[in-house]
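A short write-up of the structure that comes next.
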RNA sequence: GCGGUAUUGGUGAAGUUUGGUUAACACACCGGAUUGUGGUUCCGGCAUGCGUGGGUUCGAGUCCCACAUACCGCCCCA
């Protein structure tokens, strides 16, 4: 017990990696259908990659960054989210150039880091699966990204989701709305919660997100961003809604929904679920939006982007809470029982031969008694148990038993080592 | 970063209120029930130790302090 893992980290053991592999496998399959390809970027980046993009006043930058100076005095940050790194790579590798097809669609899955107080489904090292699509301002791309997210969740067995969408409009919209919101809230300054008092000037939109009951009263009467949309922003948002309807994707508009990261504009969305597994009420499992301007912010040309991120730990909690069945991806075809020391080499040869025929095979390595070995075969859910003892060694045979039916047969060892499939075809 | 609860074997845990020799029970695991056969049953084995470090006491798993970690709430978010 002397060494323990760092606070907020987790060891994922085989009982769980099974689930992770299942989830990752499904994600890859779904993304392939939408023609998103995988991109892998570093787990750490220069501090500025995140501080420039997430917003100086965002909580991520001000208190949740896992950052440090390396031996070369470089200010390094363990990535707290996926988008900034992908955008940096997009710019650095000049993927905005004419030789890449637009939209340029990629996905990622991997660890992210945030320095915060751990809770269940909330770690300092956690994992996200996300997508990014660059190079189109068309609302159709917003909807495509939303559609992938929904399809993903559906494939994970999460059907009962609520899709909330909102728009933050363009820069003009944001400026106008910000002014209106501050003007509305300022007279109530003294009545706001302490948190909201500081938010009011740093990032007034965040006041809308306050859970404080008193704040909520003001939020109810606050001006809606939807009334400040420029004609272009309105047209974009309208079309997103039209296309969602065209795809029969149910959604609701939540004009108070905001984002913790500053780089979003136009469409933002969240997939929420109401599951006890994730605490009370609706919890966000997948969130994203459009981030036009981020590419140029990181030194690229004016090129738009849209994407989402999904928390894997939360997803797995949710799937387990909803009783989603995870298939056993590594069933055991054959378990070898060896009786007596003389059988040691023979069982090893058979196990190896079976593996050569693409069967999953295992044996006892503890020199245990036959009874214990059979118990193990049963416990491991072996489909077949093969036995080699003194009798079999003498006659160069092997005993094969179908564990489900109880049927058994003795055949020459060579039959098993050359074509096990034919042997079992006869005893099923 | 703030507040609260918890921490006993491989696991779930009782015991902490009223400090006093041997840490309950169950599961898992291992072994056995006439010598080579599974899922049932029966029998037996399995914590010199109660998160870590101090302290109080004749004596502490049980009281006090610090630290670590987990969980819950706030903040925020995936």
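The values are calculated or read from the model by the stated rules, or taken from the named source; none is laboratory data. For clarity, every value in this text was computed on a predicted model and none was experimentally measured. Heads up, the Cβs are rebuilt from the backbone with ideal geometry, glycines too, and the neighbour counts pull from every protein chain shown.
Okay, here's what the table says:
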read-out	value
Single match in A:401, A:369, A:375, A:383 (criterion: closer than 22 Å to residue A:331 by Cα and out of contact with any strand residue (DSSP E or B) (no Cβ under 8 Å at 6 or more places or on another chain))	A:375
Filter result for the condition that a residue is in contact with a helix residue (DSSP H, G or I) (Cβ under 8 Å, 6 or more places away or on another chain), surrounded by 11 or more Cβ atoms within 10 Å (Cβ to Cβ) and at pLDDT 90 or above, over A:28, A:79, A:52	A:79
Tabulated pairs, the range A:114-125, first closer than 21 Å to residue A:76 by Cα, second near RNA strand B (Cβ under 6 Å from one of its atoms), C-beta under 6 angstrom, 6+ apart or interchain	A:123/A:8; A:124/A:8
Selection from the range A:162-192 of residues that are under 34 Å from the mean Cα position of the chain (by Cα), surrounded by 15 or more Cβ atoms within 10 Å (Cβ to Cβ) and free of Cβ contacts under 8 Å to residues at least 40 places away in the same chain	A:178
Which listed residue, of A:269, A:237, is away from RNA strand B (no atom under 16 Å from the Cβ), within 28 Å of the chain's Cα centre (by Cα) and crowded, with 16+ Cβ neighbours inside 10 Å	A:237
Selection within the range A:130-142 - outside any strand (DSSP E or B) and either within 18 Å of the chain's Cα centre (by Cα) or surrounded by fewer than 22 Cβ atoms within 10 Å (Cβ to Cβ) (or both)	A:135, A:136, A:137, A:138, A:140
Residue list for the range A:281-303, filter: more than 9 Å from RNA strand B (Cβ to nearest atom) and surrounded by 22 or more Cβ atoms within 10 Å (Cβ to Cβ)	A:289, A:290, A:291, A:294, A:295, A:303
Flag for residue A:169 being closer than 25 Å to residue A:277 by Cα, at pLDDT below 95 and away from RNA strand B (no atom under 16 Å from the Cβ)	no
Residue check, residue A:307 more than 10 Å from RNA strand B (Cβ to nearest atom), in the same structural domain as residue A:89 (by TED's automatic domain parsing), touching a residue at least 12 places away in the same chain (Cβ under 8 Å) and in a loop (DSSP other than H, G, I, E, B)	no
Some residue of the range A:87-102 being more than 14 Å from RNA strand B (Cβ to nearest atom), touching a helix residue (DSSP H, G or I) at 6+ places or on another chain (Cβ under 7 Å), over 17 Å from residue A:289 (Cβ atoms) and at pLDDT below 95	no
Any chance residue A:278 is in the same structural domain as residue A:132 (by TED's automatic domain parsing), touching a residue at least 24 places away in the same chain (Cβ under 8 Å), within 9 Å of RNA strand B (Cβ to nearest atom) and surrounded by fewer than 23 Cβ atoms within 10 Å (Cβ to Cβ)	yes
Tally, over the range A:113-129, of residues that are touching a helix residue (DSSP H, G or I) at 6+ places or on another chain (Cβ under 7 Å) and part of a strand (DSSP E or B)	4
Neighbours by Cβ (under 6 Å, 6+ apart or cross-chain): first from the range A:373-392, within 13 Å of residue A:404 (Cα to Cα) and in contact (Cβ under 8 Å) with a residue 24 or more places away in the chain; second near RNA strand B (Cβ under 8 Å from one of its atoms) and assigned to a helix (DSSP H, G or I)	A:385/A:377
